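Report on the following structure.
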């Protein structure tokens, strides 16, 4: 039996979708305008910058970037064209390749970060109170928790 959304749930769901979309569009627009990269590329560079040796297995990078293998491979190919990322084969397992953040990629990320943080602040944190930010963090953690654990 379908548990339909009541009026309040429907209003909340639609507001969540609209707010999420607006924030993503704001961030993407700012990064494209100021740094010439989509938000998805920025997210890949961030993940690589935080990884040991600024490198990750492609499969792991796809997981943490919430991307399919094929979508990630396409994005990494574009980042390689810019000289920001390079792929390296794994010497221990020929089926595995690594994505490595280059010095040029790290510099592009460092140049883009201040504008991005400003856009995050304007799009989200300047619009809510510190208490609402704490609530949002708790809500997001609940949504991301594995329902089977």
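Just so you know, all these numbers are worked out from the coordinates, no wet-lab data involved. Since we're looking at a predicted model, the values are computed, not measured. Note that we place each Cβ from the backbone using ideal geometry, even for glycine, and neighbour counts take in every protein chain shown.
Who wins for biggest fluctuation among 71, 86, 94 in a Gaussian network model of the chain, springs between alpha carbons below 10 Å?
It is 94.
Find the relative contact order for region 27-144 and round it to a whole percent, using C-alpha pairs within less than 8 Å whose residues are 6+ positions apart.
It rounds to 26 percent for region 27-144.
Where Rh is the Kirkwood radius over the Cα pairs of region 1-83, the temperature 37 °C and the viscosity 0.692 mPa s, what D in µm²/s does Stokes-Einstein return?
Working: Rh = 15.0 Å.
D, rounded to a whole number, is 218 µm²/s.
Mind checking which of 17, 61, 101 has the largest fluctuation in a GNM of the chain, springs on alpha carbons under 10 Å?
It is 17.
Quick one: length gained pulling residue 148 to residue 70 fully straight, 0.36 nm per residue minus the C-alpha distance? Mind dumping the intermediate values first?
Values: separation 78, 0.36 × 78 = 28.08 nm, distance 2.76 nm.
Answer, rounded to one decimal: 25.3 nm.
Out of 36, 53, 83, any idea which swings most in a Gaussian network model of the chain, alpha carbons joined below 10 Å?
Of 36, 53, 83, the most mobile in the Gaussian network model is 53.
Which of the three applies to region 60-102, rounded, prolate or oblate, going by the alpha-carbon gyration tensor with a ≥ b ≥ c and a/c under 1.5 meaning rounded? Please report the intermediate quantities before stating the final value.
Numbers: a/c = 1.94, a/b = 1.11, b/c = 1.74.
Oblate, since a/c reaches 1.5 and b/c is not below a/b.
Helix 130-144 versus the longest principal axis of the chain: what angle, 0 to 90°, nearest 10, using Cα atoms?
70
So for the chain, Kirkwood radius off the Cα pairs, Stokes-Einstein at 4 °C and 1.567 mPa s: how many µm² s⁻¹?
Translational D for this selection: 74 µm²/s.
Could you please tell me the mean projected area of the C-alpha convex hull for region 90-149, averaged over all directions and given in square nanometres to one decimal? Can you show the working numbers first?
Numbers: hull surface 31.5 nm².
Directional mean of the projected Cα hull area for region 90-149 stands at 7.9 nm².
Ranked highest first by average number of other Cβ atoms within 10 Å, how do 26-35, 7-16 line up? Don't jump to the answer; show the numbers that get you there.
Numbers: 26-35: 16.2, 7-16: 10.4.
Per-residue Cβ counts within 10 Å, averaged per peptide and sorted highest first, yield 26-35, 7-16.
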